[in-house]
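Structure first, commentary second.
The values are calculated or read from the model by the stated rules, or taken from the named source; none is laboratory data. Remember, predicted model here, so these are calculated numbers, not experimental data. Every residue, glycine among them, receives a Cβ derived from its backbone with ideal geometry; neighbour counts consider all protein chains shown. Please note that ligands, DNA and RNA were not included when accessible areas were found on the heavy atoms of the full protein model with its side chains. Shrake-Rupley method; radii C 1.70, N 1.55, O 1.52, S 1.80 Å.
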Amino acid sequence: MRHQPLSTFAIPLVAVAHGSRDPRAAATIEELLDLVRRSSGVRVVTSYLDHAPPAPGQALGGLVGEGADEAVVLPLLLTAAYHSKTDIPGALRDIRSAHPRLTLHYGATLGPHPLMTTALERRLAEVGVRPDPDTALVLAAAGSSDPAANATIGRLARAWRGWHSVVPAYASAARPAPAEAVRMLYDAGAPRVAVASYFLAPGYFADKVREESLETGAVAVSPVLGAAPEVAEITSQRYRESLTRGERVAAAG
C-alpha cells in the first residue's frame, strides 16, 4: 500500500541519533535522513545524544526560536533501552519546562519492526548471502544492560525464517559475543555461518564485529543498515504513528 506523502504534515521531525566520534556515523545518519526528507517532504532536524552537535534540546530550541510550537521527536535507535526510556524523555521534559507552549510528540524506536528483516536481508545480499538452509546466521547487535532490549534481538532472531538457524549475539553487555556465536554454530554442525549487522551506522562496534567474526570463520559480514529504504520507511511510519498515538511529553516538575 502506498502512503500519502507526509508533506501534508507541517510538524517538523527532530531525529535523535546515538552519536559517535567516528565521522562515518554522522554521514550515514544524514544519508538516511536525506532519504526521509526526499520521500516525505517533512522537515527533518538531526540531533545527537553524544559526541556530535546539536543535542536534542539545542535542536528543539532552534525550532522554537523560529516560531515552531509543535514537533515530533524520534529516537533513531534499534531497540528500546536506557537512552530511549530515560535519557531522551528527561531532556524533552526539560525543554518543555523551558518552553511550556511547545507540544512534543515522542515516537517509538525504529526497532523492532517487521521491515527490519527485509533491510537486514538487503544488506546481506550485498555481500552475496541470501536465505539458504545451509547458511546459519549470527544476528549481531550492540547489546545493552537492559534485558528487555537484548530479548528483543532474541525474538527477532527466532522469528527469522529461511536459514539453517539464526542466533542473537551482542558486541557488549551480554553474551554470546558475535565471534563466540560463529564458533558455536560451526561446532553445532552449521555448513556456513554469516553475520547480519544490526547496527544503524558504522563505528567501533560494527568494525569490531566484522573483524572478529571474519577471523573466526564467518563467510561474510553484512554492512550496517544505514540508509536502507526499509529503514527510511520505518522512520516515516514512526513519525506518522507519533502524531496519531504517540506519547505527549509533559514538562518536568
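Per-structure values
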| item | result |
| --- | --- |
| For segment 159-198, radius of gyration divided by Kirkwood radius, i.e. Rg to Rh on alpha-carbons | 0.95 |
| Largest to smallest principal axis extent of the C-alpha atoms in segment 99-253, angstrom | 59, 29, 25 |
| Within the accessible area of segment 124-253 (1.4 Å probe), percent carbon and sulfur | 52 percent |
| Percent of beta bridges antiparallel (DSSP, the chain, rounded to nearest 5) | 5 percent |
| Rounded to the nearest 20 debye, dipole of the chain from Cβ charges on Lys, Arg, Asp, Glu | 560 debye |
| Sites residue 37 and residue 66, calculated FRET efficiency, Cβ-Cβ separation with R0 25 Å, nearest 0.05 | 0.90 |
| Segment residue 118-residue 186, length gained on full extension (0.36 nm per residue, minus Cα span) | 22.0 nm |
| Integer Hz, Karplus 6.51/-1.76/1.60 couplings in order for segment 165-173, x for Gly and Pro | 5, 9, 10, x, 8, 9, 6, 7, 6 |
| Segment 29-116 shape via C-alpha gyration tensor axes, a/c threshold 1.5 | oblate |
| Cβ-based charge dipole, segment 4-68, positive-most Cα from 42, 13, 25 | 42 |
| DSSP loop trypsin sites (Lys or Arg not before Pro) with at most 11 other Cβ within 10 Å: longest gap in the chain | 162-253 |
